[in-house]
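The values are calculated or read from the model by the stated rules, or taken from the named source; none is laboratory data. No experiment lies behind these values; they were computed from the predicted model shown. Ideal geometry is used to build each Cβ from the backbone, glycine not excepted, and the neighbour counts take in all protein chains shown.
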Amino acid sequence: MDPNSLFNLGGNAGVETQLTGAFLVFVKVLYVVAAILYVLFSIVMVRQVKIMGETLSTSLSPFLRLLAIVHLLAALAVLFLFVTTL
Amino acid sequence: MPEVFDGSAKKKKSPKPESERGAHEHKPSRHVDEYSAVMSDERPSHRTFAAYAAKPLDTAFDVQASSEVIILLMRQHPITQVKWVAIAVALLFLPMLFSSIDLLGFLPLRFQFAALVAWYLVTAGFVLQSFIKWFYNVYIITDERIIDIDFHSLIFRDVSAAKIDKIEDTTASTGGFWGSIFDYGTITIQTAAEKREFEFEDVPHPTRVAKLINEMIIEEEREEMEGRVS
């Protein structure tokens, strides 16, 4: 799909640029909101893995807890990436 | 005064000393290998990912009594997890399809890269969550009771237990093509406990497990008759 066709308002380059900019800001907000929701999900996952590990303790439990924390850190890194680079 | 009204006679009665009591009252419980033909053939399991772990080592659960021994720990048969594994593999390769049809081509490159990063993060989260759900949804048989630990989602946990002597009926059912090929099925246990029915879903070797439960019920009855401590 040609992005310019979405914002082509009869050759007015100024309005076109403004709309493209507004659209990108809108997309950025979507990205950031999705990343925030994902961070919340990751926090719940860390908490739940901790509870699960306490409910059933196996030799793998500490490793799974570490994985959940790494996943949360990755989610935070992605959120940071979206906020700073987009 | 007739003796029947003499309360002091009752008070004089003291419990028998330890040595005078019947020896059968303090017989310890037998080890599962002594009474279970199913378990005597099984070696203690070291395998962390096992769906059928007999006498598992390095495993405990939070409501476990100090004298309680885990005899069998079960999870759903790994073949029943193929669905989410297939979805995960598809999620891994889907971005290649998207790039070939240039789905996000209308966005600047940095947005496309961000979408790719987010996609793989979500895929990783999906795999982790699915694995954790399988790993921690377990069915445990101890020498005292059966326990069903369910994590319905990331938020809801359900732990149910019933003592072996409360079990009334056990049914093992294997159905379908894959169930027959890989020997897995569902065990339904009717109890007189608060939770009336336990279902061990898609566990390996359902007939063997039902046989073990029956052996344990018999042993529990024998313990009760002999007055052994359990």
Please determine whether any residue of region B:38-46 is within 14 Å of another protein chain (Cβ to nearest Cβ), at pLDDT 90 or above and out of contact with any Asp or Glu (no Cβ under 6 Å at 6 or more places or on another chain). no
Can you confirm whether residue B:126 is more than 10 Å from chain A (Cβ to nearest Cβ) and aromatic (Phe, Trp, Tyr)? yes
For region B:151-189, how many residues meet the condition of being closer than 30 Å to residue A:41 by Cβ and buried (at least 17 other Cβ atoms within 10 Å of the Cβ)? 2
Say whether the condition of being in contact with a Leu (Cβ under 9 Å, 6 or more places away or on another chain) and farther than 18 Å from residue B:73 by Cα is met by at least one residue in region B:144-162. no
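To keep it simple, each residue is scored yes or no on (1) of a type in the set (Val, Ile, Thr); (2) in contact (Cβ under 8 Å) with a residue 40 or more places away in the chain; (3) within 22 Å of residue A:61 (Cβ to Cβ).
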| site | (1), (2), (3) |
| --- | --- |
| B:70 | yes, yes, yes |
| B:84 | no, yes, yes |
| B:111 | no, no, no |
| B:117 | yes, no, no |
| B:124 | no, no, yes |
In region B:140-159, which residues are in a strand (DSSP E or B), touching a helix residue (DSSP H, G or I) at 6+ places or on another chain (Cβ under 8 Å) and more than 10 Å from every other protein chain (Cβ to nearest Cβ)? B:141, B:145, B:146
Residue B:87 - would you say it is β-branched (Val, Ile, Thr), exposed (fewer than 13 other Cβ atoms within 10 Å of the Cβ) and farther than 26 Å from residue A:83 by Cβ? no
